[in-house]
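Single-structure report; data block below.
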Amino acid sequence: MRNLCWLAATALVILAAAAPAPAHITPPVVLASDRDAVAGLLSGARRFFVREVRLTPAERQVIRQQTGWSADEDFYRFYVGRDEQGRVVAATVFLTEFTIHGPVRVAVALGPDGKVKGATVVELTEETYPWVKPLLDREFTREYVGRDARGTFTVSVGGGDSMAQFYGQIIASLIQRAAMLYEVGVIKRGDAA
Amino acid sequence: MNGFHLSTLPLSGKVFCTLFLLGIGCGALAAFVQASTAVGLSPAAVEASLAPQMPMTHMGHGQMSGEKEITLGEISSSAKVWMRTPLLIQTSHTHLFGQTLIAGLLGLIFLLASVREGLKVLIVALPFVGTLMDIGGMWLTRFAWPSLSVLVIAGGSLFALGYVLIAVISLYELWFRKETMA
């Protein structure tokens, strides 16, 4: 019986140690594939291109100063949609923010003038999805259409739900980062046409 | 284990072990489905999810930009998770704790099984080795060699094999084996 008590005590310690595990990130919720997001955001385009951009240290510095974000990927990929005459309709880039509750991934479409044409949340987690869903239901990303990187990217949930506010702000920030990335990495280089 | 065996546990102990093994089995099945839908179960799918993003253009090292025409068909149509380093860190720490704790509890139950010591050592080690191979394989896929994604599949399979052996042998001994008292 002594052995059994010892085993039970050990099991209890292990279970107690496991208790914090559920407090961590939950499984991903993928709302759209990359292809669906690109097709939706570049509607009207007849031809599609991939433009990959590697930022210079100076460009990274500009982005950090403007948005507080460190653009530290090796390169960034824009999916560019053009019309039959080869004119740019829009470009889409995917950006991710890693929060304590898991990643938030957003696809953002930008016009050749650098203004936001649309944005789609493509990935959340099981935990964050219910917080963001009310915002998605009212298509809150439409509020940012027409704004460039220097515009105001704040979110108002109108009810004081702090987690919705928090994640809405993260999504809004990702949209602003995308606009800044396009401005610095494409437009200012003269590559937007 | 010191004369104490699964087959001689009191009913409460047998029910506890049985329900724990069944619960972990259900969890493992759910994890299997989750892995197959979010990432995929082939080494290629794991590699696509974990390996560093490679340029689609012919942008070489040191080049600042590149562009090429594509078709929409070249963009991934499957809604899969792409794990980058921060997510890999999060996944590693939760899974290393979680799976090791599960392996520990499975091992505690299996220590009471009446099998040869050599076999017991082998089986009790499987979930631990599988966990380390699984998570270690993720890091190696990302930072060493993408083809090492096969380790992730192998590690998951080892964990599953360990669980199945522990569960089958333990359940047999709990409910069907008649212990012969020396």
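The values are calculated or read from the model by the stated rules, or taken from the named source; none is laboratory data. On a predicted model such as this, the values are computed, not experimentally measured, just so you know. Every residue, glycine among them, receives a Cβ derived from its backbone with ideal geometry; neighbour counts consider all protein chains shown. SASA here: full protein model, heavy atoms, side chains in, ligands and nucleic acids out. Shrake-Rupley method; radii C 1.70, N 1.55, O 1.52, S 1.80 Å.
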Selection count where residues are assigned to a helix (DSSP H, G or I) and surrounded by 14 or more Cβ atoms within 10 Å (Cβ to Cβ), scope the stretch B:165-182: 8
In the stretch B:52-88, the residues that are farther than 23 Å from residue B:36 by Cβ, among the hydrophobic types (A, V, I, L, M, F, W, C) and more than 8 Å from chain A (Cβ to nearest Cβ): B:54
Taking the conditions exactly as written (part of a helix (DSSP H, G or I) and basic (Lys, Arg)), does residue B:14 satisfy them or not? yes
How many residues of the stretch A:115-136 are open to solvent by 70 Å² or more (accessible area, probe 1.4 Å) and out of contact with any strand residue (DSSP E or B) (no Cβ under 7 Å at 6 or more places or on another chain)? The answer is 4
Considering A:150, A:105, which residue is basic (Lys, Arg) and closer than 21 Å to residue A:29 by Cα? A:105
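In this structure, does residue B:94 turn out to be farther than 30 Å from residue A:45 by Cα, of a type in the set (S, T, N, Q) and either open to solvent by less than 30 Å² (accessible area, probe 1.4 Å) or in a helix (DSSP H, G or I) (or both)?
Yes.
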Can you tell which of B:48, B:44, B:31 is open to solvent by 30 Å² or more (accessible area, probe 1.4 Å), part of a helix (DSSP H, G or I) and within 30 Å of residue A:46 (Cα to Cα)? B:48
Going through the stretch A:175-193 one residue at a time, which ones are buried (at least 23 other Cβ atoms within 10 Å of the Cβ) and within 14 Å of chain B (Cβ to nearest Cβ)? A:181, A:182, A:184, A:185, A:186
Would you check if there is a residue in the stretch A:144-160 being touching a helix residue (DSSP H, G or I) at 6+ places or on another chain (Cβ under 8 Å), outside any loop (DSSP other than H, G, I, E, B), away from chain B (no Cβ under 14 Å) and within 30 Å of residue B:39 (Cβ to Cβ)? no
For the stretch A:48-103, give me each residue that is surrounded by fewer than 15 Cβ atoms within 10 Å (Cβ to Cβ), over 21 Å from the mean Cα position of the chain (by Cα) and within 13 Å of chain B (Cβ to nearest Cβ). A:56, A:57, A:58, A:86
Of the conditions (1) at the interface with chain A (Cβ under 10 Å from one of its Cβ atoms); (2) among the small types (Gly, Ala, Ser); (3) under 30 Å from residue B:174 (Cβ atoms), residue B:38 clears all except one; give me its number. (3)
Look at residue B:136 and say whether it is in contact (Cβ under 8 Å) with a residue 12 or more places away in the chain, in contact with a Pro (Cβ under 7 Å, 6 or more places away or on another chain), more than 15 Å from residue B:49 (Cβ to Cβ) and part of a helix (DSSP H, G or I). no
Name the residue that is modelled with the lowest pLDDT, counting only residues in the stretch A:20-39 that are open to solvent by less than 50 Å² (accessible area, probe 1.4 Å) and more than 7 Å from chain B (Cβ to nearest Cβ). A:26
Being free of Cβ contacts under 8 Å to residues at least 60 places away in the same chain and among the hydrophobic types (A, V, I, L, M, F, W, C) is the filter here, so list the residues in the stretch A:37-82 that pass it. A:39, A:45, A:48, A:49, A:50, A:58, A:75, A:80
What is the residue count in the stretch A:75-102 for residues that are in a loop (DSSP other than H, G, I, E, B) and farther than 16 Å from residue A:177 by Cα? 7
So which of B:115, B:124, B:150 is more than 30 Å from residue A:93 (Cβ to Cβ), away from chain A (no Cβ under 13 Å), part of a loop (DSSP other than H, G, I, E, B) and β-branched (Val, Ile, Thr)? B:115
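Would you check which residues across the stretch A:35-70 are of a type in the set (Gly, Ala, Ser) and touching a strand residue (DSSP E or B) at 6+ places or on another chain (Cβ under 7 Å) and list them? Don't jump to the end; show me each part of the working.
The initial filter retains those residues of the stretch A:35-70 that are of a type in the set (Gly, Ala, Ser), namely A:37, A:39-40, A:43-45, A:58, A:68, A:70.
Residues satisfying the conditions are A:37, A:40, A:44, A:45.
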